[in-house]
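Right, one structure below, let's go through it.
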Amino acid sequence: MDLSLDYLPRLPRRKDFRIGCVGAGFIMRDCHLVAYRQAGFNPIAIASRDPEHAHAVAARHGIHRVHVTYADLLADAEIEVLDVAVPPDVQPDIIREAVLHGDHLRGILAQKPLAMSYPEAKKCVDLCAEVGITLAVNQNMRYDQSVRALADLLRRGVLGEPVLGTIDMRAIPHWMPWNQELHSLSTFVMSIHHLDTFRFWFGTPDRVLASTRPDPRTAFPHRDGINLYLLEYGNGCRASGWDDVWTGPAREGAAPDIGIRWRVEGTEGLARGTIGWPNYPARTPSTLEFTTRAEAKWHQPRWQEVWFPDAFVGTMAQLLCALEDGTEPEISGRDNLETVALCEAVYASAKEHRVTTIREFMNP
C-alpha cells in the first residue's frame, strides 16, 4: 500500500506577496504569523483596535510597519493581500471597506465564519467579485494533516464509496468575550470546523437534523452549546457530529476525558483518526490509520506537522497560489457560502425541531 499521502498544502512559487494583517489576537499572533514565517511568506504591516497589541505582535514577528487604524492599513498602497483576523460580527464591515482599495489589494483571506448569516456572507463575496479581489476563507481544519490525508484516500478511492463519517469532539473551547455578542455560539464558531470538513470529504449534504442544548459551564446566555447533528446525502452517505463542549465536569474536579476522534467507513475500507488540537500548546500531531479489504491490516502513516499552527500555512498558501495562477482558491468565498448555509441549516434545525435543507438558506 502506498503510504505517501498528499497531506501537505501546495506552496506558491512567489512567496513575497506583501501581506497586511488586521487583528493582533491569539489567532494572528500565535497561528497566522508563526506559520507565515515558517513558510517564508511576507507580512509587512499590521493594525489592531489596540495599537499596543499591534506593536507587541509586530516586534515579536519582525513586522516593521504598524498602522494606527485598520483604515490606514487598507489605504497602504504597498499591501497586495489582506489577512483578516477579527470577530465575525465586524469582519463584513472590514471587507466592505477593503473593496474600496481594489486598485492595490488583490486578495483577502477572511476568517471563518465569513459572516454570521448567508445573505451577509454573499454580499461580501459579490462585492469582492465586482472589483476583482480574490476572496478566500480561513477554514483551517481543511489543512489539518489527518483531514487532508483522509481526503487523499477518498479521492484515490482507497476506501470505496463513503458510507458513514463521524466526528466525535469532547473538548472545551476557550470562548472569547466577543462570543457573547453573537446570536450563535457553538454552531458558527466550533461546529463550523466539522461541518466544513464533512463538505471537504463528502460534498454538501442535502438535509440536516440537529439538536442542541446550552453548555452548563458557559455563564453567558446562549442557545447552542452542545451540538448534535446528522447530515444526509442523496447518494446514501451519512455523516454525524457530536460537538460536546462540556465533556463532563473536567474543570470542576472530575478526571478529564478530552479529545477529538473521527471515523469514515467506505465500501472497501475503514479509516479512523484523532485531532491533536485539544492538547495545544503541546505539539501533538493528528493521527490516521486505515484498513482495506485488499489488505486486512492497519496502515498508520505519521507526520511531524500539527494543526495549530502549521495548518495556517495552507490557508494563506491556497490564496497566494490562486493569485499566482489566476484561479479560484481551494476555499474560495463563493464555495464557502455553502458552509455558511450549512451552519444556518444546523442552527435552524435545532431551534425549530425540524429537518432542514441547505438550499432553503441559499438566498439568491
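Just one residue in the set 16, 30 is surrounded by fewer than 17 Cβ atoms within 10 Å (Cβ to Cβ), at pLDDT 95 or above and acidic (Asp, Glu); that residue is 16.
Consider the stretch 184-204 and keep the residues that are of a type in the set (Phe, Trp, Tyr) and over 17 Å from residue 337 (Cβ atoms). The one that is surrounded by the fewest Cβ atoms within 10 Å (Cβ to Cβ) is 202. Can you tell me how many residues within the stretch 33-65 are assigned to a strand (DSSP E or B), hydrophobic (A, V, I, L, M, F, W, C) and crowded, with 21+ Cβ neighbours inside 10 Å? Number satisfying all stated conditions: 3.
Assess whether residue 16 counts as being charged (D, E, K, R), without any contact (Cβ under 8 Å) to a residue 60 or more places away in the chain and within 24 Å of residue 324 (Cα to Cα). Considered against the rule, which asks whether it is charged (D, E, K, R), without any contact (Cβ under 8 Å) to a residue 60 or more places away in the chain and within 24 Å of residue 324 (Cα to Cα), residue 16 comes out as yes. The lone criterion from (1) out of contact with any Lys or Arg (no Cβ under 9 Å at 6 or more places or on another chain); (2) not assigned by TED's automatic domain parsing to the domain that holds residue 196 left unmet by residue 321 is number (1). If you go through the stretch 241-259 one residue at a time, do you hit one that is in contact with a Leu (Cβ under 6 Å, 6 or more places away or on another chain) and touching a residue at least 40 places away in the same chain (Cβ under 8 Å)? Yes, because at least one residue in the stretch 241-259 is in contact with a Leu (Cβ under 6 Å, 6 or more places away or on another chain) and touching a residue at least 40 places away in the same chain (Cβ under 8 Å).
Just so you know, in the stretch 243-253 the residues that are among the charged types (D, E, K, R) and surrounded by 18 or more Cβ atoms within 10 Å (Cβ to Cβ) include one that is nearest to residue 215 (Cα to Cα), and it is 244.
Looking across the stretch 200-220, the residues that are without any contact (Cβ under 8 Å) to a residue 40 or more places away in the chain and not charged (D, E, K, R) come down to 203, 214, 216, 219. Of the residues making up the stretch 280-300, those that are without any contact (Cβ under 8 Å) to a residue 12 or more places away in the chain and touching a strand residue (DSSP E or B) at 6+ places or on another chain (Cβ under 6 Å) number 1. Cβ-Cβ distances below 7 Å connect the following pairs, each with a first residue in the stretch 27-46 that is touching a residue at least 60 places away in the same chain (Cβ under 8 Å), a second residue that is small (Gly, Ala, Ser) and crowded, with 18+ Cβ neighbours inside 10 Å, and a separation of six or more residues or different chains: 27/85; 32/85; 39/317.
Condition check: among the small types (Gly, Ala, Ser) and more than 17 Å from residue 196 (Cα to Cα). Does residue 255 satisfy that? Judged against the criteria, residue 255 is a match. Selection of the stretch 205-239 for residues being within 28 Å of residue 149 (Cα to Cα), crowded, with 18+ Cβ neighbours inside 10 Å and of a type in the set (Ser, Thr, Tyr) yields only 229. Suppose we keep only residues that are within 17 Å of the chain's Cα centre (by Cα) and of a type in the set (A, V, I, L, M, F, W, C) within the stretch 142-171. Which one would you say is nearest to residue 311 (Cα to Cα)? Across the stretch 142-171, the extreme among qualifying residues is 147. Note on the stretch 254-340: enclosed strands (runs of 3 or more DSSP E) holding 1 or more residues that are within 22 Å of the chain's Cα centre (by Cα) and surrounded by fewer than 16 Cβ atoms within 10 Å (Cβ to Cβ) are 259-266.
Which of the numbered conditions does residue 234 fail, given that it passes all the others? Conditions: (1) touching a residue at least 40 places away in the same chain (Cβ under 8 Å); (2) assigned to a loop (DSSP other than H, G, I, E, B); (3) under 21 Å from residue 154 (Cβ atoms). Looking at each condition in turn, residue 234 falls short on (1). Residue 19 fulfils the conditions (1) over 30 Å from residue 296 (Cα atoms); (2) in contact with a strand residue (DSSP E or B) (Cβ under 7 Å, 6 or more places away or on another chain); (3) in a loop (DSSP other than H, G, I, E, B) except for a single criterion, (3).
Those helices (runs of 4 or more DSSP H) of the stretch 79-189 in which 3 or more residues are more than 17 Å from residue 32 (Cα to Cα), touching a residue at least 24 places away in the same chain (Cβ under 8 Å) and in the same structural domain as residue 226 (by TED's automatic domain parsing) occupy 145-155. Of the set (1) hydrophobic (A, V, I, L, M, F, W, C); (2) farther than 23 Å from residue 192 by Cβ; (3) assigned to a helix (DSSP H, G or I); (4) free of Cβ contacts under 8 Å to residues at least 60 places away in the same chain, all apply to residue 348 but (2).
The values are calculated or read from the model by the stated rules, or taken from the named source; none is laboratory data. Source: prediction; values computed, not measured. Glycine gets a Cβ as well: all are built from the backbone with ideal geometry, and neighbour counts include every protein chain shown.
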